[in-house]
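Student: Let me begin by handing over the structure; questions about it come next.
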Amino acid sequence: MTEQLVTANVATNLYWLGRNLERAKQTLYNISKAYDLIIDVDKDAGVKLYKNFDIELKYKNAVDFLRQAILGEHSANIQEITENARESAIICRHRIDSEAFGEIIELRALFSNLAKNDVEIDYKLIDHAHSLISEIWGALGKREHNNKSDLFIRMGKLVEEADFRLRFKKDKAITITVMEEIDAIVQVLSDDNEATEQTQSQASDEPDLITLVNTKIHQIIVE
Amino acid sequence: MGDIIGDYRQLYITYWRCQLLEKNTELHEKFWEIFNKQDRHKVDEFKAYMDKFAVNFNLYKDGNFIEQSLPFDVVPRIISKEEFAKIDKGLQQRVKALNLFLEDLYTDAKIVKEGIVPETFVKEAGGYLKEFVGFSPSQKIRAHINGIDLVKNSVDDEWVILEDNLRVPSGASYPLSIRDTYRKIYPDFFESLKIEPIKDYPSFISESMNYVNTGGINVVLTPGRFNSAYYEHSYLAEKSGAQLVRPHELKVVDKKVYFKNYNGKLIRVGSIYRRTDDEFLDPKFFNPESLIGVPGLVEAYLAGNVALMNAIGNGVADDKGIYYFVPKMIKYYLGEEPILKNAPTYLPYFEEDRKYIFDNMDKLVIKDVAEAGGYGVLFGHEMTELQMKDLKTIIKANPRRFIAQELIEFYDEKCYLKKELQNRKADFRAYVVMAEDIKVWQCGLTRYALEEGNYLVNSSQGGGFKDTWVMEL
């Protein structure tokens, strides 16, 4: 591992860049699935989905669901998530791949133009956003995790993935695998700080896992 | 009859404007030969690429933070390698003399004692900091990174120096970005033509940082994300291999500067490329209200424990009044004739010059020495009798505050704007970096004015930028 200096601010923004990109990806994936169900299977699929985020979402039909999910005034608003990702990318631009940076700017523009121009939202937009996020992850992965900057992004991605898995009560065995990878990254980033114990062995129930991870991240990044 | 006069007038204006357009050379023809074969839609692709990679210029307007793209043009300014060699030599000479002037001024002040530069002129310069007299920085280098503004005079076809920027000159990342875009969108030019590569600029910066480094890592100190040039700070830090830091990410302990790593470890800093003006650099020494300074930094600097690029107190050499004396400095320190000329300048401080200024005000450009960025520039030919009378009264009351220059009819450059070729006045900022040797970057920032005939090219005045190609056949 190449030794690399990173300020706390940049480390935090790299971490949140990873989280917000993964959050946008996972949310869009779930929106896409719910949209399909709302059309002719389950009108309340969107309501159920957003309950997982502790949000009471209201919509008239499938198309309106897309608008409310993507631009609605709530904390899982995709426009805001991509805006936050862009802000983090600008702050830690010198630590990320330039192609990835460009794609992040484009991703945010995709949603901010939508809000400005009041255009209809359809599946094509979600597909396009998905492709962009895949390209971003592809570009970010080009360096094959050669330095700590990449590990902060990777850790953010995994924490968000674990968070989604827990919210949607996915297969626990796989969730533990994700947690193990987070632990491994935490060990590397901790350097010669006090060794951290493994997350999954310490937690008695699932929500505690994320709390523990967050505690460790606060221990790693000293403001 | 009226129409005939109108036609002649139009013809004369067209002829006059053609005279102001920089002469077409074989190098330009080679460019147009390739450019004319390009699909015009590529210009849109070019713009989209630049937008995507966010070459932004941040500003505050009416209390709001605005991020806007800096306007740019795809037609490069072309300078022959032979012509640039003279610029290179002239700039090396000028920066060498300016650095010697600063070192002398803050130590022995021989140039003042010998009456080459009047003492009062130095002491009244806004950027002169008497608290630093007696201090000599690492390697005696003060002018590490310099932006020298030039124009090419259409009357004699010669380059003229307009301004020296020895404090925190900005703008180098723009040509680097536009060149990068150019190479991606229009590789044909770079395959077919002999254009000087420019990627070495960040290495000039790291060489300079390493040369003056007092022991420790190199950092680029930015005021933060909302500074107008944050993009550039980030870009240069990345490319030069330095750490990008905000003020509170540096800590001074026992007159030594440390970088705070994410895990709380403190790493010694040996050289700081600061992008903050002197007055905000250290709240303990300068403005106590500064939120973008590093407390204790000046103490560490004066103890010789860290190098600052550029040195504190360089503002005196940026002063428009001191500019007048640069040719004299070249003769005094180097015993040479200046290779590049200043614009003919008059100081109302001297009685003879003041009389000339008052008698010829309608032909001159009057500049307030305290202003920058195109502000405080008055064109005599645009002023009314009453305005000139008022200005003369102000000048009489405070002659040190102004300089007057002959209006230089500098060349227009062709620009491809709004899908057609248009002429715009353009200047050129050259970047000169000092380490063990002085290096002139074989590129620079060509800035063009917002409107045809306008002489103000500054980005704060709505001007744009274009690439500069140093080329040979």
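Student: By its C-alpha gyration tensor, with a ≥ b ≥ c as the square roots of the eigenvalues, how is region B:215-305 shaped: rounded for a/c under 1.5, else prolate for a/b larger than b/c, else oblate?
Tutor: oblate
Student: If r is the Cβ-Cβ distance from B:Asn398 to B:Phe226 and R0 is 35 Å, what FRET efficiency results, to the nearest 0.05?
Tutor: Rounded to the nearest 0.05, the efficiency is 0.50.
Student: Something else: Just the number, please: percent antiparallel of the DSSP beta bridges in chain B, rounded to the nearest 5.
Tutor: Approximately 75 percent, going by the DSSP bridge assignments.
Student: A further question on this structure: How shielded is B:243-250 by partner chains, expressed as the average number of their Cβ atoms within 10 Å of its Cβ atoms?
Tutor: Counting Cβ atoms of other protein chains within 10 Å of each residue's Cβ and averaging gives 4.
Student: Same structure, new question: Check the straight Cα-Cα distances from A:Lys60 and name the lysines below 20 Å, setting aside those fewer than 8 residues away within the same chain.
Tutor: Partners within reach: A:Lys33, A:Lys43, A:Lys48, A:Lys51.
Student: Something else: Please label the shape of region B:387-473 as rounded, prolate or oblate, based on the square roots a ≥ b ≥ c of the eigenvalues of the alpha-carbon gyration tensor (a/c under 1.5 means rounded; beyond that, a/b larger than b/c means prolate, else oblate).
Tutor: Here region B:387-473 falls in the oblate category.
Student: What list of ³J(HN,Hα) values in whole Hz, one per residue of region B:365-370 in order, does the Karplus curve 6.51 cos²θ - 1.76 cosθ + 1.60 (θ = phi - 60°) give from phi, with Gly and Pro shown as x?
Tutor: 10, 9, 10, 7, 5, 7
Student: Follow-up. Long-range amide H contacts for B:Thr25: which residues qualify at under 5 Å (H placed 1.01 Å from N, peptide plane, sequence gap of 5 or more or a different chain)?
Tutor: Distant-sequence amide H within range of B:Thr25: zero hits.
Student: Counting pairs on different chains as well as pairs 8 or more places apart, how many Lys pairs in region B:111-153 have Cα atoms under 29 Å apart?
Tutor: 5
Student: Using the 10 angstrom Cβ neighbour count as an exposure proxy, how do A:Lys216, B:Lys239 rank, fewest first?
Tutor: B:Lys239, A:Lys216
Student: Something else: Once you have the Kirkwood Rh of region A:8-220 from its Cα pairs, apply Stokes-Einstein at 37 °C and 0.692 mPa s and quote D in µm²/s.
Tutor: Calculated translational D: 182 µm²/s.
Student: Okay, next question. Past 19 Å, Cα to Cα: identify those pairs from B:Lys37/B:Lys419; A:Lys148/B:Lys199; B:Lys320/B:Lys466; A:Lys116/B:Lys47, in the order given.
Tutor: In this structure, A:Lys148/B:Lys199; B:Lys320/B:Lys466; A:Lys116/B:Lys47 exceed 19 Å between Cα atoms.
Student: If neighbour count is taken as other Cβ atoms inside 10 Å, put B:Met50, B:Met209 in order from fewest to most.
Tutor: Exposure proxy ranking, most exposed first: B:Met50, B:Met209.
Student: I want the antiparallel fraction of DSSP beta bridges within the protein assembly as shown, as a percent rounded to 5.
Tutor: 75
Student: What does the C-alpha gyration tensor say about the overall shape of region B:344-406? Classify as rounded when a/c is under 1.5, otherwise prolate if a/b is larger than b/c, or oblate.
Tutor: rounded
Student: Related question: Run the numbers on region B:263-346 and let me know its relative contact order in percent, using alpha-carbon pairs under 8 Å that are six or more apart.
Tutor: Relative contact order for region B:263-346 comes out at 21 percent.
Student: Also, quick follow-up: To one decimal place, what orientation-averaged projected area in nm² is obtained for the convex hull of the Cα set of the protein assembly as shown?
Tutor: 37.7
Student: Okay, next question. Using the number of other C-beta atoms within 10 angstrom as an exposure proxy, rank A:His218, A:His94, A:His74, B:His144 with the fewest first.
Tutor: Fewest to most other Cβ atoms nearby, the residues stand as A:His218, A:His74, A:His94, B:His144.
Student: So if R0 is 22 Å, what FRET efficiency would A:His128 and B:Arg40 give, r being the distance between their Cβ atoms, rounded to the nearest 0.05?
Tutor: Between A:His128 and B:Arg40 the formula returns 0.25.
Student: Right, here's the next one. What percent do you get for the relative contact order of region B:215-305 when only Cα pairs under 8 Å and 6+ apart count?
Tutor: 32
Student: Let me ask another. Springs between alpha-carbon pairs under 10 angstrom, Gaussian network model over chain A: which of A:Ser75, A:Ser88, A:Ser32 fluctuates most?
Tutor: A:Ser75
Student: Subtracting the Cα-Cα distance from 0.36 nm times the residue separation, let me have the gained length for A:Ile55 to A:Glu87 in nm, one decimal.
Tutor: Between A:Ile55 and A:Glu87, full extension yields an extra 9.1 nm.
Student: State, as an integer percentage, the relative contact order of chain B based on alpha-carbon contacts under 8 Å between residues 6 or more apart.
Tutor: Relative contact order for chain B comes out at 23 percent.
Student: Which FRET efficiency value, to the nearest 0.05, do you get for B:Trp32 and A:Thr211 by plugging their Cβ-Cβ distance into 1/(1 + (r/R0)^6) with R0 = 60 Å?
Tutor: Computed FRET efficiency for B:Trp32 and A:Thr211: 0.40.
Student: Partner chain Cβ atoms within 10 Å, averaged over the residues of A:94-107 - can you pull that number for me?
Tutor: Rounded to a whole number, the mean comes out at 3.
All of the numbers you see were taken from the coordinates with simple rules; none came from a lab. Quick caveat, the model's predicted, so the values are computed rather than measured. Backbone-built Cβ (ideal geometry, glycine too); neighbour counts: all protein chains shown.
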